[in-house]
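Below is one structure; the comments refer to it alone.
The values are calculated or read from the model by the stated rules, or taken from the named source; none is laboratory data. No experiment lies behind these values; they were computed from the predicted model shown. Cβ atoms come from the backbone with ideal geometry, glycine included; neighbour counts cover every protein chain shown. Remember, those area values only see protein heavy atoms, side chains included, never the ligands or the DNA or RNA. Shrake-Rupley method; radii C 1.70, N 1.55, O 1.52, S 1.80 Å.
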Amino acid sequence: MDLRIEWCDPIQLIDGDTDNLIYTVNGLDLFMGVPGVYIFARKFNNKIYPLYIGKAENIGLRATQHLKNNIKLMTSIKKSANGARVFIPGKFKPKRGQNTKMCIKLVEWALIDHALTKGYELLNVQGTKTPSHQVSFSGFLGARNITGVSLSFKT
């Protein structure tokens, strides 16, 4: 399946004290009704470090929900290492016949998997807990030379 996301420029998170919030974001109205994926991240030394990766059938609404209701996530973002805090929306560009809900779920999973593979520590609780398995090998030395004594993998 060929899936397309158009990344938008990062939008800086703003101190939300005046609105009794941890952060606010200007410009979310541009993403109301827009399906896709998004990243809460920190920007440091011109490099982006993902903190949280999500999906939404309505990016603007979902981001607003996080800002207003997800105190745990916003506090964790605030406590993360140095750098400007940013929100990066990615618009899903469907092809004819593609199921938006299923497609953005696949993209979110792929982004989370990629970030974890690259060694980023995400704040996501759901989506990052992939089952891991440990296999131990004994017996024929020739086969153990191929497999080693043990291996780990995730499904």
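Would you compute, from DSSP H runs of 4+ residues alone, the mean residue ellipticity of the chain at 222 nm, taking -39500 (n - 2.57) per run and dividing by the full residue count, rounded to the nearest 500? Intermediate results must be reported in sequence, preceding the final value.
Details: 4 runs with 45 residues, N = 155.
Here the helix-only value at 222 nm equals -9000 deg cm²/dmol.
For the chain, what is the accessible area per residue in Å² when the probe is 1.4 Å?
Per-residue accessible area for the chain comes out at 64 Å².
Rank these residues by their accessible area, most exposed first, probe 1.4 Å: MET74, MET1.
Largest accessible area first, the residues go MET1, MET74.
If I build a Gaussian network model for the chain, linking alpha-carbon pairs within less than 10 angstrom, which residue out of ASN58, ASN69, ASN46 has the largest mean-square fluctuation?
ASN46
Extending each Cα 7 Å along its Cβ direction at ARG144 and ASN26, get the distance between those two points in nm, one decimal.
The modelled label-to-label distance comes out at 6.5 nm.
What do you get for Rg/Rh over the range 72-124 if you use C-alpha atoms and the Kirkwood form of Rh?
Using only Cα positions, Rg/Rh for the range 72-124 is 1.06.
About its Cα centre, how strong a charge dipole does the range 1-152 have in debye, to the nearest 20, once Lys and Arg get +1 and Asp and Glu get -1 at the Cβ?
Dipole about the Cα centre, nearest 20: 300 debye.
Straight-line reach from LYS68: which lysines fall under 20 Å, measuring Cα to Cα and dropping same-chain residues less than 8 apart?
Within the straight-line cut-off, LYS68 pairs with LYS55, LYS78, LYS79.
Express the C-alpha Rg of the chain as a ratio against the empirical globular expectation 2.2 N^0.38 Å, rounded to two decimals.
1.28
Place +1 on the Cβ of every Lys and Arg and -1 on the Cβ of every Asp and Glu in the range 8-155, take the dipole about the Cα centre, and give the residue among ASN145, PHE31, LEU116 whose Cα lies farthest towards its positive end.
In the range 8-155, that residue is ASN145.
I'd like to know which of ASN46, GLN98, ILE88 lies farthest towards the positive end of the charge dipole of the chain, counting +1 on Cβ of Lys and Arg and -1 on Cβ of Asp and Glu.
It is GLN98, whose Cα lies furthest towards the positive end.
Want the number for LYS118 to ASN99: 0.36 nm per residue separation, take away the alpha-carbon distance, what's left?
Full-extension gain reported as 4.0 nm.
How far is it, in nm, from the label point at GLU57 to the one at ASN69 when both lie 7 Å from their Cα along the line to the Cβ?
Here the answer is 1.5 nm between the modelled labels.
Under 10 Å, Cα contacts only: if you run a Gaussian network model on the chain, which one of LYS105, LYS93, LYS72 comes out with the highest mean-square fluctuation?
The residue with the greatest mean-square fluctuation here is LYS72.
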